[in-house]
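Chemist: My questions will all concern the structure given below.
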């Protein structure tokens, strides 16, 4: 009875699958369905370039997906065939797709797009659901076969739970090997992609802290996994084995409390020293550094340099207007020479102190290559002082990439554009820096002055003076 | 006036009638076992929902430039043109995190297993306050409903991350989910906190007051210890989230300035002044950090139990395990600042929190070593529960070790809010704690439903999930080291991120396959309820009290008197005893040939009797 | 079904439930403690922060009222222990009335503050905190009133003595707790005014 039901079910599944494996229904087409629809309506003037691009995309993504899709071999084969034929013969493909699209739906006008989206979507859903059902059916069949096998073994008195148990133990050892191989691979490949020397002074300290921690943790990781999975294998259920009643060992407990304690204390001390070095900057060093102010907002950064007077003008968020989007209070004369920069440019080997502000949301000022991160919190100013040790040129040489740039990006969820809130950071030589500074514009532009003189009473003489003074 | 005399039976009459209506028995049940099932099934449903959300955003990450008409079909305006919108992407990650951390790993783990195991393992008829217990479930269900309903709101669900930091969450114009969606999030979490406090109060009181005769604190199984300590931590820390949420609610709805100051959003200058988002962060993380320990502590207890039973050995270092649980709990309330190393708080605080955070690694390490030692010289039986327990230890080792990076303030400068952090917490919570929960489900399913789960499906479930989870989360560490921040909609805007897109594809496929593997679990779970092999009273041959109850559930758990407990719960493979386990209810007088002098603690009389017996029978007490 | 339900088990459950009440009071305490520390941190963050006003005298009156209500409920408890149900009823009623009076006085205090121009919506959140503290406390007072009303209903319906006694026990503990929390809050706010 069961067998019949199974057969019925299977044949049903197979039938549907065959029906769906025809080109007109396969997933490949659903990706390019839009282009096909367009094709239909503009039969004569189909844009061949578009088609080429679409097909290329199709193939690329196909390859990527199929490379990873190991489970549905049948489907992959079918699709590959389609793709190959599509690639080989463009002309025939055109007609094929035209034919098939006319097959499945009569002329559908362009404003029928929603319907096609729905029908596409439905087809995709149905296809994947059937795929899953088939795989599950296969799994269920294997399960059933195995259960029957087990039952016959039990009936013959040949069943051994021990054997079944040992399979799991063996699998654990196989996993251990794969795990260790995986760890090695990830360090070798991904580790190489991700870890490169920091381009700042304190960054080198952070890096040595990082390397020490990595070495320690990797040793523990590998050792513990060997023990954990090894013990599982060695001490798997055996017929005449009795576990050893070993409830505790205080000496061992003390050892493996004290050793981690010592290791961790050293890490803590090491970390604290570096932490203090980064954040406990002496007053004079604070003042002698180059000051740069960065204002984060949704979804960009504005950069302010203090200009020749070396001081920032006050900022009052209440004065924010479309023209004065920074909110600078130009009543404060120190603001008149503040420079607006489009990139962050700093000279190498000189300490620079960033004042980090936010206009609206918590953002984060993050420069990975510098090992610099500090939140931009509205209502307070945060600071981070560091000294770059590598120019952009040097970095480009090192990375063997003539277009490499240090980048600052936002690292605190701030809304829709969080993933694209960046600022280029360029490290240059001292002379390049001075040159660049001279080229920067002020915040206090003419428009700003107009707006300001409308709002406030500026002593016209004063403004003239500062106007001439700033032309350096 | 005289009072009406009360007969004991009369007082029970109204709460435990002979024949209970369907509503009373299944829906508004006050029986702890039924409540446990309710928690579990609700949590499984929510887990699937959150899993689905994660697959959606993984699709976006792996194929950022591709259109998926399917998505538009289901999500409508949130996936116009077949691509998930950035706003909705952030809503997905927010709700995924919220559901997984709160509803699945807190309510689903400690809610379910505290309710099931506490009365059964300590020998009580039911919880201290069964009615309050029932309320705890219904508040939880209510919070699930509200959270799910937030998806059907015009402006979308909360989208400021599961941490819901203001000002992003406080100003509706900052992101669309911060409108009604966030209000619903706050309401849902408020109900959830009430649920947890009502439950926790019950758990603590029951454990302290309603243990059966002979059940001293030091005879309780580690599961109970962990659930006990979890409840205490919850009681102390959840109310703080209430204050964080209440203040945020008023900032949003009324315009107060607790957290807000100096805001110009969308060109609009907001009137709030004087507040600080850092205040919110402190209040939130005062709960937030203990919360994640609340997620893992029950898993610790469960794994101790499962490892011990299936190795047929006592858990190594029972007392040390209890002390480390306590140490972790105490330390967990003083480390919250490590989430705020780069917020600009006083650097001195950074040093303090780094100290406490790295110290917490010590009891955690002790536990990992003890687990491994439990396996040594055992006789291991690989039930699916056992595999999940071993998997939990593996994930905890991997994830816990990366905690040494994240807890170190200097390294955190580099990896904060990057994929490294995502990898870290997904290992310790999303994998270790989840595997603890799955181990518990596989292990106690016979107790919940009186039937056995299918082993083959269990193996398939384990291996696919175990390998899948490693493939999903291990590569993320390296992304984080490279500086790829979290909660990023796409990696397409930065040249340095482009090499990780191919890795994203690997991760997504692994996630999809691991996600599909959960269907094996769900099928197994629901199918075996009716069609699984009928369970015996003590299928795992365990020593603890819950296996002395009948398979069929009855109110009051034991017909007749509750059994008395004589020994600790880990008498497995005791030399001199024919069986490889001795239930807790067997008095020492019946096991003279295997008693150890230390079993009697300081009972002089008993030690004397044992010594005499040993002499008479030429028994030399050996301790392995 | 329980085969042997005995009195001992009922009393054990009662004891456990009383303990559970103490535990939930720990939770409530943590709530007010966290609000207090938030207040302290906030107020310390600037010279322009702080309550900056003398608290309305209505708060003094409400303090007296709530202390009185603790006294009345104490007598109600004594009465029920002596099985003097009429007295219990009277004192319970008095407690409820005083509780409601407390509620009204708190609202009056709020209106006094508003008249002074100290609004809940405020850029000086220390002042907003005053509303938060008193408001959260009032929310718990509502809970307490419900508990008291339940007791009153119980006495009026002449429920079994043991249950009456038990309900009163829990109500008394909770009500005293609310009283103590108020005194703590009031002193705390006084110190910061």
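Taken together, the values in this text are just the output of simple stated rules run on the coordinates, not laboratory data. Keep in mind it's a predicted model, so treat the numbers as computed, not measured. Note that we place each Cβ from the backbone using ideal geometry, even for glycine, and neighbour counts take in every protein chain shown.
Chemist: Please report the antiparallel percentage of the DSSP beta bridges confined to the protein assembly as shown, to the nearest 5. Write down the numbers at each step before the final one.
Modeler: Numbers: 34 of 46 bridges.
Just about 75 percent of them are antiparallel.
Chemist: Continuing with this model, one more query. Using Cα atoms only, what is the angle between the long axis of helix B:361-375 and the major principal axis of chain B, expressed in degrees (0 to 90) to the nearest 10?
Modeler: The angle comes out at about 50 degrees.
Chemist: Could you tell me the extents of the range B:438-502's C-alpha atoms along the three principal axes, largest first, rounded to whole Å?
Modeler: Computed over the range B:438-502, the largest-to-smallest principal extents equal 56, 20, 18 Å.
Chemist: Give, to the nearest whole percent, the P(r) tail of the range A:241-325 beyond 17 angstrom, counting all Cα pairs. Please report the intermediate quantities before stating the final value.
Modeler: Values: 2631 of 3570 pairs.
Considering the range A:241-325, 74 percent of its Cα-Cα pairs are separated by more than 17 Å.
Chemist: OK, next. Run the numbers on chain B and let me know its relative contact order in percent, using alpha-carbon pairs under 8 Å that are six or more apart. Numbers along the way, then the final one.
Modeler: Numbers: 988 pairs, mean separation 88.0, N = 624.
Relative CO of chain B lands at 14 percent.
Chemist: Moving on. If we restrict to alpha carbons, what Rg and Dmax does the range B:548-624 come to, in Å?
Modeler: Spelled out, the Cα radius of gyration and Dmax of the range B:548-624 are 15.0, 47 Å.
Chemist: Here's something else I'd like to know. Cα-Cα pairs above 24 Å in the range B:387-485: how many percent?
Modeler: 32
Chemist: Across all directions of projection, what mean area in square nanometres is found for the Cα convex hull of the range C:87-166? Write down the numbers at each step before the final one.
Modeler: Working: hull surface 24.1 nm².
Average projection, Cα convex hull of the range C:87-166: 6.0 nm².
Chemist: Still on this model: Of all DSSP beta bridges located in the range A:289-457, what percent are antiparallel, nearest 5? Spell out each step's value before the answer.
Modeler: Values: 27 of 38 bridges.
Here the share of antiparallel DSSP bridges comes out near 70 percent.
Chemist: On a C-alpha basis, how far is the centre of the range B:180-217 from the centre of the range A:159-221 in Å? Whole number, if you could?
Modeler: Each part reduced to its Cα centre gives a spacing of 38 Å.
Chemist: Projected area of the range A:217-374, taken from the Cα convex hull and averaged over every viewing direction, in nm²? Mind showing how you got there, number by number?
Modeler: Working: hull surface 67.5 nm².
Mean projected area for the range A:217-374: 16.9 nm², to one decimal.
Chemist: Can you tell me the order of B:292-304, A:341-353, B:354-366 when each peptide is scored by its average per-residue count of other Cβ atoms within 10 angstrom, highest first?
Modeler: Values: B:292-304: 28.1, A:341-353: 17.8, B:354-366: 22.2.
So the order, starting with the most tightly packed, is B:292-304, B:354-366, A:341-353.
Chemist: May I pose another question? How large is the translational diffusion coefficient of the range B:494-624 in µm² per second when you combine the Kirkwood radius over alpha carbon pairs with Stokes-Einstein at 20 °C and 1.002 mPa s?
Modeler: Details: Rh = 19.9 Å.
This corresponds to a translational diffusion coefficient of 108 µm²/s.
Chemist: What is the helix-to-structure angle for B:112-122, meaning the angle in degrees between its Cα long axis and the longest Cα principal axis of chain B, kept from 0 to 90 and rounded to the nearest 10?
Modeler: Taking Cα atoms only, the helix is inclined about 20 degrees.
Chemist: Suppose a student asked you for the relative contact order of the range C:7-191, using Cα pairs under 8 Å spaced at least 6 residues apart; what percent would you report?
Modeler: Numbers: 148 pairs, mean separation 51.7, N = 185.
It comes to 28 percent, rounded to a whole number.
Chemist: For the range B:36-263, take every pair of Cα atoms, bin their distances at 10 Å starting from 0, and report each bin as a whole percent.
Modeler: Spelled out bin by bin, the range B:36-263 gives 8, 30, 28, 20, 11, 3, 0 percent.
Chemist: Among bridges DSSP assigns within the range A:276-376, what percent are antiparallel (round to 5)? Spell out each step's value before the answer.
Modeler: Working: 14 of 21 bridges.
Expressed as a percentage, antiparallel bridges in the range A:276-376 total about 65.
Chemist: Further question: If you rank A:396, B:530, C:167 by fewest surrounding Cβ atoms within 10 Å, what's the result?
Modeler: Numbers: A:396 15, B:530 8, C:167 20.
By the 10 Å Cβ count, ascending, the order reads B:530, A:396, C:167.
Chemist: Can you sort B:580, C:115, B:417 by how many other beta carbons sit within 10 Å, fewest first? Before the final figure, lay out each step's value.
Modeler: Details: B:580 16, C:115 9, B:417 23.
By the 10 Å Cβ count, ascending: C:115, B:580, B:417.
Chemist: Taking only the alpha carbons of the protein assembly as shown, what extent do you get along each of the three principal axes, in Å, biggest first?
Modeler: For the protein assembly as shown, the Cα spread along each principal axis is 106, 88, 66 Å.
Chemist: Related question: Out of all Cα-Cα pairs in the range B:233-339, roughly what percent, to the nearest whole number, are more than 18 Å apart?
Modeler: 61
Chemist: Hey, what did the range B:292-535 get for relative contact order, percent, Cα under 8 Å, at least 6 apart? Numbers along the way, then the final one.
Modeler: Values: 309 pairs, mean separation 55.9, N = 244.
Relative contact order of the range B:292-535: 23 percent.
Chemist: Oh, and also: So how long is each side of the range A:319-404 along the principal axes, counting just the alpha-carbon atoms, biggest first, in Å?
Modeler: Principal extents (largest minus smallest coordinate, Cα): 46, 27, 24 Å.
Chemist: Something else about it: Normalise the Debye intensity by I(0) for the range B:165-262, one equal point scatterer per Cα, no solvent, then take log10 at q = 0.14, 0.22 Å⁻¹ and round to two decimals.
Modeler: So the normalised log intensities are -0.63, -1.04.
Chemist: Per residue of B:476-484, count partner chain C-beta atoms within 10 Å of its C-beta, then hand back the mean as an integer.
Modeler: Numbers: counts 1, 5, 9, 3, 2, 9, 8, 11, 4.
The shielding value for this peptide is 6.
Chemist: Would you mind estimating how fast the range B:32-107 diffuses translationally, via Stokes-Einstein at 20 °C and 1.002 mPa s with the Kirkwood radius over Cα pairs, in µm²/s? Write out the running numbers ahead of the final one.
Modeler: On the way: Rh = 13.4 Å.
It diffuses with D of about 160 µm²/s by this estimate.
Chemist: Based only on Cα atoms, what Rg/Rh ratio does the range B:44-166 have, Rh being taken as Kirkwood's radius?
Modeler: Working: Rg = 18.2 Å, Rh = 16.3 Å.
Result: Rg/Rh = 1.12.
Chemist: Expressed as a whole number of Å, what is the distance separating the alpha-carbon centroids of the range B:396-452 and the range B:97-128?
Modeler: 18
Chemist: How big is the Cα convex hull of chain C in projection, averaged over all directions, in nm²?
Modeler: Numbers: hull surface 50.9 nm².
It is 12.7 nm².
Chemist: Same structure, new question: Provide the convex hull volume over Cα atoms per residue for chain B, in Å³.
Modeler: Values: hull volume 120.2 nm³, N = 624.
Cα convex hull per residue, to the nearest whole number: 193 Å³.
Chemist: Still on this model: Quote the Stokes-Einstein diffusion coefficient, in whole µm² s⁻¹, for the range B:140-194, based on the Kirkwood radius over alpha carbon pairs, a temperature of 10 °C and a viscosity of 1.306 mPa s. Intermediate results must be reported in sequence, preceding the final value.
Modeler: Working: Rh = 10.8 Å.
Diffusion coefficient, whole number: 147 µm²/s.
Chemist: Still on this structure, please answer the following. Could you list B:29, C:57, B:178 in order of exposure, starting from the residue whose Cβ has the fewest other Cβ atoms within 10 Å? Don't skip to the end; give the middle numbers.
Modeler: Details: B:29 20, C:57 11, B:178 26.
Listed from fewest to most nearby Cβ atoms, that is C:57, B:29, B:178.
Chemist: Let me ask another. Just to confirm my numbers, what's the Cα centroid distance between the range B:296-358 and the range A:318-348 in Å?
Modeler: A separation of 48 Å, based on Cα centres.
Chemist: Still on this structure: Grab the alpha carbons of the range B:292-535, take their convex hull, and tell me the volume per residue in Å³.
Modeler: Working: hull volume 30.9 nm³, N = 244.
Here the figure is 127 Å³ per residue.
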